[in-house]
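> Sharing a structure, written as structure tokens. Questions coming.
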Amino acid sequence: MPTHLSSSRRSARRGCAALALALAALPAAADTPAPADAFPSFESYIKVSGQAPWVSGDGAAFAKSTGTPSTGSGGIEELYYTKDLSDSTTVIANGRALGGSDDYLASLNVATADLGSVDVGYKRFRTFYDGVGGFFPLADQFEAMSSQNLHVDRSTFWVTATLAKPDHPVFTLSFHDEMRTGMKDSTEWAAIVNPDATVVGGVLSGTAVPANTPFIAPNVLLLDEHHDILEAAMTATSGKTTETLRVTSDWVDNLDSRDYVKYPNSTVTADPAVTVQDDQESRKGTTFRVLNQTETKLNPRLTVETGVTYSHIASENGGSWITPTYSATANAVYPAMTAGGIYGGSQVDDYVGNVALKYTPNPNWLADLGFREEADAISSAGGFATTTLASTATTTASTNLTTANDLTYSHYTEHIATPEVSLQYLGFARLALYTSCDDRIDRGNQHWINPYAAITTTGAGVVTLGTAPLSSVFFQEANQDNRNVKLGANWNASDKLTVRVEIFRKDHVNRFIGADNIVGTASYGGLYVTGYDYTGVTASLAYKPLPVLSFTTRYQPQTGSMSVLANVVNGGLGTESTSGKTKGQEISETVNWTPTARLYFQGNLNMVYNYIQTAYPVVVVSATTNVPTPIQNANNNYISSSALCGFVLDKRTDAQIECYWQQADNYNPQISTGGQPYGAGFQETSVTAGLKHKFSDRLLADGKIGYLRKTDDTTGGFTNYHGPLAYVALTYSL
């Protein structure tokens, strides 16, 4: 069912009904040929639709899940118009205007043979979010924004002009203006006092779980982002070589912030609820990029491709992180600057060169050899202010506050080499074999200084100057190795059976070790190593025992492990420890059956089993000592299925019935005693029935009615919804 809903059910239904009567009354054009089948494909047409749900439950959750508002939508779902202005010039117009879902499109393309084209347009669409912070099962407490209905609008305006004369270079000039505005729920959660915490005299008491365990609160991200892109390109062919030159410049101007309520609905008077506007960040950046690519066909068996790219990025950052903080001694809230008056700048210079050889010694062999070389330098510097209150202060007067101006600096260099090779062999009848491997070898150096107080000023006016302590100075060698290998075969056993199998292996290691060869700095930076490896198989089988019956089976198992190592020793590297193991399997089946020309069936089943094993439950949470709970094992298993039946009622009418079901059962609320109960637990079902009818050779109608239902254990059922919805559309040939 189309996912476009309207802000007015009544106006959508009335508008579609009135348009149906008006279009049905129009006479058919005398020059319109009668279509050969019942449902013709129109060259130019307009499609008007309306959709109206009647949802009971959480409308914001419905909008997020379906991508459409719970109030409905309606308007022009699709407009396509094409016309030949002359023997060499064609104009194409596209449009869409759906109220409620705020989905709009308007574009115009004019193309002239042997000359070029101009394309101009604007589009905007809306993404919905539900502003849910979380649910604490032990107290049946649900946290959400005062209004759960959040959305983000994304829009683009573009102009592209192409000059393409025969036997001449092709020139292209384009401009894009992109915007992202609105509000969405964030994955960065704020603190909330455990509703089951022990409180004595308004103060958290005791160490037994769950006395002082922080939980989650709603967090909303406010977006105001702009991005402009200007690009010029030329493609020319000279002899056996085709060359492309592209110059791009873009500008970014973003202003984002984050809102949340700290300790909402708290009964702990020592930490009263306060509204926080945090992480106010501004970013302005410019990028200039030049790319040159060539493709030279030396002979029918050998092709050489080259590429060179230079990019320069410069940015300026600003903003403030101000978090109201409560002082029990002063019994007051004061605006502590976590990072106020942020300022900073950074720049990146990146150089990339690559070469590839495509060699076909005979029709059975194809070899690709490539090498990519990249070098970049990244530097940044900035600062911010912080505020602290004297620990013994009984008031939040300015004389008890200390303001510090912190500075920071960083400089990174990287040298990345990536050899690549792929082979394909077609020498066996009905069998194709292929393999590929690449190794991304990254060798870098990092030098940075953690923020340190360069100037500290107390409320009494005392100014203290400071330098960066050695414990804040870091030098590291940053080495990363990412290896990927795959081997596969495609076997067309017969006209009825096709088998495809691919085996892959990923082995990635990221190693950061403090340098010990810089005079006067010892070996600041210690050692930190992370890595993972995965091995998996992708297999599919397509079997068609009868012309009217086919089966498609897919199976994707994979296993892997993650490791980590961290220490501060000088010299020895130590031994990596396995931090997690993962196993996953995905099994799917699709069946298509067309017993007669008037009836068809399709069924789909998809089962996913994904398991990540961590240290849990090796570390045990004590009933008397508040030991941090380890992350529980992750089970990401779900099953989804769908069934579709379509049949012909008469020469002018088709019918369709569709069912969908999905379920996950991985939610474990018991872990909430000392941690977050991660894991999905939901069930989603829908049933729809629809008709498609031809009123005339120029007018088609679509109608659907359905019922949707979703339950979600992870929010305690507070975001459940269910209800019917109806959709109607009319398509008229222009």
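> Show the residue pairs meeting these rules: Cβ distance below 7 Å; 6+ apart or different chains; first residue within the stretch 110-136 and among the hydroxyl-bearing types (S, T, Y); second residue in a loop (DSSP other than H, G, I, E, B) and surrounded by fewer than 16 Cβ atoms within 10 Å (Cβ to Cβ).
Listed pairs, sorted by first residue: T112/S88.
> Quick one: F171 ticks every box in (1) touching a residue at least 60 places away in the same chain (Cβ under 8 Å); (2) part of a strand (DSSP E or B); (3) under 27 Å from the mean Cα position of the chain (by Cα) bar one, so which box is it?
Just one mismatch for F171, condition (3).
> For the stretch 445-486, which positions are closer than 30 Å to V421 by Cα and either loosely packed, with under 14 Cβ neighbours inside 10 Å or not polar (S, T, N, Q) (or both)? It would help to see each step written out before you state the result.
First pass over the stretch 445-486, keeping only residues closer than 30 Å to V421 by Cα: 445, 477-486.
Residues satisfying the conditions are E477, A478, D481, R483, V485, K486.
> Please verify whether G646 is more than 25 Å from the chain's Cα centre (by Cα), surrounded by fewer than 19 Cβ atoms within 10 Å (Cβ to Cβ) and in a strand (DSSP E or B), treating the condition exactly as stated. Quick ask: steps written out before the conclusion?
On the way: more than 25 Å from the chain's Cα centre (by Cα): yes; surrounded by fewer than 19 Cβ atoms within 10 Å (Cβ to Cβ): yes; in a strand (DSSP E or B): yes.
In short, yes.
> Any idea which of (1) within 30 Å of K64 (Cα to Cα); (2) modelled with pLDDT of 95 or more; (3) surrounded by fewer than 16 Cβ atoms within 10 Å (Cβ to Cβ) is the one H227 doesn't satisfy?
(3)
> Can you run down the residue pairs with Cβ atoms below 6 Å, 6 or more apart or on separate chains, where the first is in the stretch 137-165 and at pLDDT 95 or above and the partner is acidic (D, E)?
T156/E178; F157/D177; T160/D119
Yes or no, residue by residue, for (1) at pLDDT 95 or above; (2) on the phi > 0 side of the Ramachandran plot:
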| position | (1), (2) |
| --- | --- |
| A390 | no, no |
| G427 | no, no |
| R430 | no, yes |
| Q446 | no, no |
| A453 | no, no |
| T457 | no, no |
| G461 | no, yes |
| L465 | no, no |
| G488 | yes, no |
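> Could you count how many residues in the stretch 698-729 are in a loop (DSSP other than H, G, I, E, B), under 25 Å from G681 (Cβ atoms) and either among the charged types (D, E, K, R) or free of Cβ contacts under 8 Å to residues at least 60 places away in the same chain (or both)?
Qualifying residue count, the stretch 698-729: 1.
This table checks each residue for (1) touching a helix residue (DSSP H, G or I) at 6+ places or on another chain (Cβ under 8 Å); (2) modelled with pLDDT under 95; (3) in a strand (DSSP E or B).
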| site | (1), (2), (3) |
| --- | --- |
| P27 | no, yes, no |
| A34 | no, yes, no |
| S49 | yes, no, yes |
| I76 | no, no, yes |
| S86 | no, yes, no |
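> I've got another one for you. With the requirement that a residue be of a type outside the set (S, T, N, Q) and assigned to a loop (DSSP other than H, G, I, E, B), what does the stretch 363-377 give you? Let's see the steps before the verdict.
Applying the first criterion (of a type outside the set (S, T, N, Q)) to the stretch 363-377 yields 363, 365-377.
P363, the sole residue that qualifies.
Residues are listed down the side, and each one gets a yes or a no for (1) closer than 21 Å to K506 by Cβ; (2) of a type in the set (S, T, N, Q); (3) free of Cβ contacts under 8 Å to residues at least 24 places away in the same chain:
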{"position": "H415", "(1), (2), (3)": "no, no, no"}
{"position": "P419", "(1), (2), (3)": "yes, no, no"}
{"position": "A454", "(1), (2), (3)": "no, no, no"}
{"position": "T458", "(1), (2), (3)": "no, yes, no"}
{"position": "G466", "(1), (2), (3)": "no, no, yes"}
{"position": "F475", "(1), (2), (3)": "no, no, no"}
{"position": "G488", "(1), (2), (3)": "yes, no, no"}
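> Mind counting the residues in the stretch 327-358 that are under 22 Å from F384 (Cα atoms) and hydroxyl-bearing (S, T, Y)?
4
> Can you tell me how many residues in the stretch 102-152 are part of a strand (DSSP E or B) and farther than 23 Å from K64 by Cβ?
To start, the set of residues in the stretch 102-152 that are part of a strand (DSSP E or B) comprises 103-112, 116-129, 132-136, 141-144, 150-152.
Filter once more, so that each one left must be farther than 23 Å from K64 by Cβ: 106-112, 116-122.
Here the count works out to 14.
> What pairs come out if I take residues in the stretch 34-52 that are more than 18 Å from G703 (Cβ to Cβ) and buried (at least 16 other Cβ atoms within 10 Å of the Cβ) and pair them with residues that are of a type in the set (D, E) and at pLDDT 90 or above whose C-beta lies under 9 Å away, six or more apart or interchain?
That search, which allows pairs on different chains as well, returns P40/D697.
> I'd like the residue in the stretch 649-667 that is outside any strand (DSSP E or B) and surrounded by fewer than 16 Cβ atoms within 10 Å (Cβ to Cβ) and, out of all such residues, is modelled with the highest pLDDT. If you could, list the steps in order and put the result at the bottom.
As a first pass, look at the stretch 649-667 and keep what is outside any strand (DSSP E or B): 651-652, 666-667.
Next cut, surrounded by fewer than 16 Cβ atoms within 10 Å (Cβ to Cβ) only: 651-652.
Details: K651: 89, R652: 92.
Filtering first and then ranking leaves R652.
> A follow-up question, please. Go through Y543, Y532 for me and flag whichever is crowded, with 16+ Cβ neighbours inside 10 Å and either at pLDDT 75 or above or hydrophobic (A, V, I, L, M, F, W, C) (or both). It would help to see each step written out before you state the result.
On the way: Y543 fails: crowded, with 16+ Cβ neighbours inside 10 Å.
From the options Y543, Y532, the qualifying one is Y532.
> F125: modelled with pLDDT of 95 or more and surrounded by 16 or more Cβ atoms within 10 Å (Cβ to Cβ), yes or no?
On the way: modelled with pLDDT of 95 or more: yes; surrounded by 16 or more Cβ atoms within 10 Å (Cβ to Cβ): yes.
Answer is yes for this residue.
> Is there a residue being small (G, A, S), over 30 Å from S282 (Cβ atoms) and either in a strand (DSSP E or B) or in contact with a strand residue (DSSP E or B) (Cβ under 7 Å, 6 or more places away or on another chain) (or both) anywhere in the stretch 341-357?
Yes.
> Where the second residue is of a type in the set (A, V, I, L, M, F, W, C) and in a strand (DSSP E or B) and the first is touching a residue at least 40 places away in the same chain (Cβ under 8 Å) and farther than 17 Å from A729 by Cβ and lies in the stretch 61-86, which pairs have Cβ atoms under 6 Å and are six or more apart or on separate chains?
Qualifying pairs under 6 Å: A63/F128; K64/F128; Y81/A93.
> In this structure, does S155 turn out to be on the phi < 0 side of the Ramachandran plot, assigned to a strand (DSSP E or B), among the polar types (S, T, N, Q) and crowded, with 16+ Cβ neighbours inside 10 Å?
yes
The values are calculated or read from the model by the stated rules, or taken from the named source; none is laboratory data. Quick caveat: nothing in here was measured; it's all calculated off a predicted structure. Cβ coordinates were reconstructed from backbone atoms using ideal geometry, including for glycine residues, and neighbour counts include every protein chain displayed.
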